[in-house]
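Everything on this sheet refers to the single structure shown next.
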């Protein structure tokens, strides 16, 4: 009994965001790694009055941070990148790769699948190489290729059950067959870095694609006679749209349009972060390409294309709640619940409910991060009182 009491934490007094709404002066009880249903009367509690208590953030599209790349870093470097994002509230992260040759990507998938098995990452996302050279962004054009289903299958198999998502330009030869293959294997087919028409995008959704990779970015703009992929992705109830809410990738009006058309149930905030997230300005590499980060904005040295972001999800949360004026419940849905559901992890993370992992974030009244807990242990212990 003494050990159980020592392993129990009672967090009281905060505005707690639950799937059913906001509870003022709520209580969350943690026992071990999990959220518990109740605690004995009189149990000692941490007073979080004047704060918000929200679920840990879930980032389904993240290339690195803290100076470390998920595509090319050592195991220790990858873990350092993961920890950097945990310090900013992301308690669940999918490691995203940029374009590389097949042998390199299969080796990396095998390496990172071990971290997924240990619970350090939630899985692997292949962003490329099956993307359009017309919309390549910060990907090496010499390594791009059409989405041959056999090659797609090779990458999925290399991840040993931990491939969560593959981004591809579904209009390319083999695109629709690759979407069907991914759907059959329980892997998210994401439409991105695409030059598809509206009609081609509709066909890909019908084939099983369910996510728009960083909507608006690396795809044709919305036009009144050629609505392109953006209109198709926003209008279809089967699709969740990723948004990078850093003030650089999207104008606030574009974000508002996505929320208005798709609704909070179909938006997932992501970082698309690269090495510089949580680290600082300087020169980095995204895959084989050189990137300069200046004033927090990452661009290719050659050509000047935006090259991922330096965003962390605590900044995305604060911007959504203060600049975009979104309801807090909607922000939590987009930053925690929706990505957890897409990844098949909602039974364990994504909301503050008994039985789930005790992954949570403490924010002050201005939505500045003050504490982070992952699996019942403080990563950032709140200094309150």
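Throughout, read-outs are computed from the coordinates displayed, never taken from laboratory work. Please read these numbers as outputs of a predicted model, since none were measured by experiment. Backbone-built Cβ (ideal geometry, glycine too); neighbour counts: all protein chains shown.
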### Virtual spin-label span in nm between residue 114 and residue 44, 7 Å along Cα→Cβ
4.1
#### Entry: Fraction of antiparallel bridges per DSSP, segment 57-342 only, in percent to nearest 5
30
### Fewest-first sequence of 172, 182, 46 by Cβ atoms within 10 Å of each Cβ
46, 172, 182
### Query
Does anyone have the angle between helix 252-262 and the longest principal axis of the chain? Alpha-carbon axes, 0 to 90°, nearest 10?
90
#### Entry: Helix 102-117 axis, angle to the chain major axis (alpha carbon atoms, nearest 10°)
10
### Query
Points 7 angstrom from Cα along the Cβ direction at residue 237 and residue 285: gap in nanometres?
4.8
### Task
Based on other C-beta atoms within 10 Å, arrange 52, 378 from fewest to most.
378, 52
### Query
Sorted by average packing, counted as other Cβ atoms within 10 angstrom per residue and highest first, what order do 270-278, 239-247, 316-324, 147-155 take?
270-278, 239-247, 316-324, 147-155
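Calculate the FRET efficiency for residue 348 and residue 36 from the Cβ-Cβ distance with a Förster distance of 22 Å, rounded to the nearest 0.05.
Numbers: r = 15 Å, r/R0 = 0.68.
About 0.90, to the nearest 0.05.
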### residue 295 paired with residue 365, simple spin-label distance in nm, labels 7 Å along Cα-to-beta-carbon
3.3
### Query
Given a cut-off of under 8 Å on Cα pairs at least six residues apart, what relative contact order in percent is computed for segment 166-285?
19
### Query
Roughly how many Å is it from the Cα centre of segment 23-74 to that of segment 79-118, as a whole number?
21
### Message
Taking a ≥ b ≥ c as the square roots of the Cα gyration tensor eigenvalues, with a/c under 1.5 meaning rounded and otherwise prolate when a/b beats b/c, else oblate, which class fits segment 57-342?
### Response
rounded
### Message
Under the rule a/c < 1.5 gives rounded, and otherwise a/b versus b/c splits prolate from oblate, where does segment 257-385 land using the Cα gyration tensor?
### Response
prolate
### Query
Which one of 142, 210, 167 has the biggest mean-square fluctuation once the chain is modelled by GNM with Cα springs under 10 Å?
142
### Task
Between residue 23 and residue 206, take the C-beta separation as r, use R0 = 41 Å, and let me know the FRET efficiency to the nearest 0.05.
0.50
### Message
Defining a contact as two alpha carbons under 8 Å apart and six or more residues distant in sequence, what relative contact order in percent does the chain show?
### Response
20
### Message
Rounded, prolate or oblate for segment 146-285? Axes are the square roots of the Cα gyration tensor eigenvalues, ordered a ≥ b ≥ c, and the cut-off for rounded is a/c under 1.5.
### Response
oblate
### Message
I need to check one value: relative contact order of segment 265-385, counting alpha carbon pairs closer than 8 Å and at least 6 residues apart, in percent.
### Response
18
### Query
Taking other Cβ within 10 Å of each residue's Cβ, how do 70, 259 sort, fewest first?
259, 70
